[in-house]
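Laboratory data are not the source of any read-out in this text; all were calculated from the coordinates shown. None of the values given here were measured: they were computed from a predicted structure. When we count neighbours, we look across all protein chains shown, and the Cβ atoms used for this are built from the backbone with ideal geometry, even at glycine.
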Amino acid sequence: MCGDGIVRPGFEQCDDGNAVETDACLSSCILATCGDGIVHAGVEVCDDGNQSNSDACRTNCVAAACGDGFVYEGFERCDDGDASNSNACLTTCEPAACGDGFVWGGVEACDDGNSSNTDKCLNTCVAPRCGDGFIQEGVEQCDSGAVMDPNCRACIAECGGPGQPPCYVVLHAPYEWAEAVTQCVDAGMTLATITSAAEYAIVDALLGALRPGDKVEGWIGLNDRVDEGVERWVSGSNSTYRKWGVGGSGNNAGFDCVAHVATDGWHFAECRKPLPVVCEGPRL
């Protein structure tokens, strides 16, 4: 009989002669298994006898935990089972949200986890730019929320006067180089001329603010469209200042127009390539 310590083949799976339910053989002379509702000591962490993976005990008799790929109802809001904080569910099993300090890939441009609108990421998880109405510390001197504001050109309060840098404006919409020239003229400006390291730094910061961390390209007025190898500024300036990036000079690719690349100097580029535009002009 069951419990006598003798296994009867065909009738009993086991018989250890005791009434203990937490060892390898149940008191019913059936082998302990995950899902029988009894915790097998030393083998199972839990056993609730059901087929649900959304409660405290998973169907493999392991306790529910954040990161197991199953949502523990009432305790977790999500659980995708991976170690990434750049998707819809964080590793804390909380849904991704703007302000959590992690950049949600394809949804957020940035996320620094604070409420400041004066650093490199707005509290809406959008990268700062000139014209957004917030003054980016260390980059902008002013920002009225309108790029073409006559009292705050290119987010620089003092420009265009004696001893001051030109007023630079970045047109975010991409244009081919020839179209860029026209766009600047229509705005009462010219395609940018950069004649010093100080001016270079201003333009570099403005382009970099479009997408912080990216090597954003923008058209400037330098080109050799008239005479191959003879670089001229579209404004007519005779400035010899140059800031070539690695491999940017020499026009080896046969291109005739020059783009300013944020944090990477100047490079010749295909003139028909649509890029943001850097214009300059006097303060209006």
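For K273, give me every one of the aspartates and glutamates with a C-alpha distance below 13 angstrom, ignoring sequence neighbours fewer than eight places off in its own chain. Excluding near neighbours in sequence, the set is E176, E179, E217, D256.
Charged neighbours of G35, selected by a Cβ distance under 12 Å, balance to -3 (K, R count +1; D, E count -1).
Using the Cβ-Cβ distance between Q51 and A83 with R0 = 25 Å, the FRET efficiency computed as 1/(1 + (r/R0)^6) comes to roughly 0.40. Here the Karplus relation 6.51 cos²θ - 1.76 cosθ + 1.60, evaluated at θ = phi - 60°, turns the backbone of region 37-44 into coupling constants of x, 10, 6, 7, 4, x, 10, 10 Hz, with x for every Gly and Pro. For the pair R211 and D224, the difference between a 0.36 nm per residue extended length and the Cα-Cα distance amounts to 1.8 nm. GNM on the chain, alpha-carbon springs under 10 angstrom: the most fluctuating residue among H260, H172, H40 is H40. With 0.36 nm allotted per residue and the present C-alpha distance subtracted, the N60-E231 stretch has 54.4 nm of extension available. Here is the list for region 175-257: GluC sites (Glu not before Pro) lying in DSSP coil, each with at most 11 other C-beta atoms within 10 angstrom of its C-beta, are E228. Count the net charge of all other residues whose Cβ sits under 9 Å from the Cβ of F102, scoring Lys and Arg as +1 and Asp and Glu as -1. With Lys, Arg at +1 and Asp, Glu at -1, the neighbours total -3. Straight-line cross-link partners of K120 among the lysines, defined as a Cα under 26 Å from its Cα and at least 8 positions apart when in the same chain: K215, K243. The length gained by stretching the chain between T22 and A197 to full extension, at 0.36 nm per residue less their Cα-Cα distance, is 55.2 nm. Local charge for E44 was computed over the other residues whose Cβ lies under 13 Å away, with Lys and Arg +1 and Asp and Glu -1, and equals -4.
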